[in-house]
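A short worksheet on the structure shown next.
Only the coordinates and a few stated rules stand behind these numbers; no lab work does. These figures come from a predicted structure and were not determined experimentally. Using ideal geometry, Cβ is built from the backbone for each residue, glycine included, and neighbour counts are taken over all protein chains shown.
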Amino acid sequence: MNNFQMTPGEVIFVGAGPGDPELITVKGLKALQQAELVVYAGSLVNPALLDECPAGCEIYDSAPLNLEQVLVLLIAGARAGKKVVRLHTGDPALYGAIQEQMEVLDSENIPYRVIPGVTATFAAAASLKQELTLPGVSQTLVLTRLAGRTPVPDSEALRNIARNGGTICLYLSVGMMDQLVVDLLAGGVFTPQTPAAVVYRASWPDEKIVEGTLADIAARVAAAGITRQALVLVGEVLKARRQGVPEKSKLYDAGFAHGYRSKVE
Ligand code: SAH
């Protein structure tokens, strides 16, 4: 395997994965093991990962800091020639606010790289033992959110997204379950019978799964006391699992040739 090396004075944005510390990538782990300064997103990054940092590594939780304070740490560390890691939950490209950090590093001429991570959606699918794209049911996965303090562009309002059906996975929205259900139904494709699942802290030891339909998922989530740190998954794929896959995937179909296998006639 290639031996990943950090360069002194460089910032690496690392996706920590969804929670289970063994779900960080090999490269992300190597970055942590070489880091001299780490700024981690304390709310959802498993602190067990910080045990991987070498002795003497400076470690800061970004949860109580604003963007400017985070940037001061990253820039000062890089300017001092340190190997700097900015550790984000899941994958840094999703709701990670890394763009504004990278733009400032660009303007300060500080080199950086990004190491992807396992986003919460895929940890939730793994916990549910659920494929999110089933032939004949759905071949599309939408990752989205309801507007909160951060607005969502009108064309992407959940009621508009829901018009396409498919599989939808909602981040940052479990605290607004009633609104979420109203918007999903307003799209005119999903019905009160459409299956839904909520996964709280996927891959953490205290993970919880709540399953239901759009008719009852809000009440079930309220009963479970889940208000944050959870994903909401919606779509017919969740039911197809229990009823059997209607159409087998072409990928493993003996009559279907692809780049790595020839067709059996
Ligand atoms: N960059 C992260 C998302 C950050 S936004 C990623 O790729 O996963 C934070 C939101 O992500 C939470 O409010 C929650 O909706 C979701 N989330 C993050 N980790 C999660 C987990 N382990 N289980 C369920 N939802 C999670």
_Net charge of Cβ neighbours under 10 Å - reference Glu58; Lys, Arg +1; Asp, Glu -1_ = 0
*Helix-only [θ]222 nm of the chain, DSSP H runs n ≥ 4, -39500 (n - 2.57) each, per residue, nearest 500*: -7500 deg cm²/dmol
*Could I have the simple spin-label model distance between Ala93 and Asn2, label points 7 Å from Cα toward Cβ, reported in nm to one decimal?*
1.6 nm
*Provide the gained length on full extension for the span Met102 to Val189, in nm with one decimal, where the gain is 0.36 nm per separating residue minus the Cα-Cα distance.*
27.4 nm
_Give the list, by residue number, of cysteines in the chain with no other Cys Cβ closer than 4.7 Å, or say none._
Cys169
*Take the alpha carbon atoms of region 83-155, find their center, do the same for region 13-66, and report the distance between the two centers in whole angstrom.*
17 Å
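Among 107-116, 170-179, 129-138, what's the highest-first ranking by average C-beta atoms within 10 angstrom per residue? Spell out each step's value before the answer.
On the way: 107-116: 14.7, 170-179: 18.8, 129-138: 17.0.
Result, highest mean Cβ count within 10 Å first: 170-179, 129-138, 107-116.
Stokes-Einstein diffusion coefficient for the chain at 4 °C in a medium of 1.567 mPa s, Rh from the Kirkwood formula over Cα pairs: what value in µm²/s?
64 µm²/s
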*Spin-label point model (7 Å from Cα, Cβ direction): what's the Asp51 to Ala147 distance in nm?*
4.5 nm
*Within the set of other residues whose C-beta is less than 10 Å from the C-beta of Asn160, count the net charge using Lys and Arg as +1 and Asp and Glu as -1.*
-1
*Global geometry of region 120-243, whether rounded, prolate or oblate, following the gyration tensor of its Cα atoms and the 1.5 cut on a/c*: rounded
_Can you report the principal axis dimensions of region 1-81 using only the alpha carbons, biggest first, rounded to whole angstrom?_
34, 28, 20
*Can you tell me the FRET efficiency between Ile209 and Gln69 if r is taken as the Cβ-Cβ distance and R0 is 30 Å, rounded to the nearest 0.05?*
0.25
*If you add up the charges near Gly28, with Lys and Arg at +1 and Asp and Glu at -1, over every other residue whose beta carbon is less than 15 angstrom from its beta carbon, what do you get?*
-1
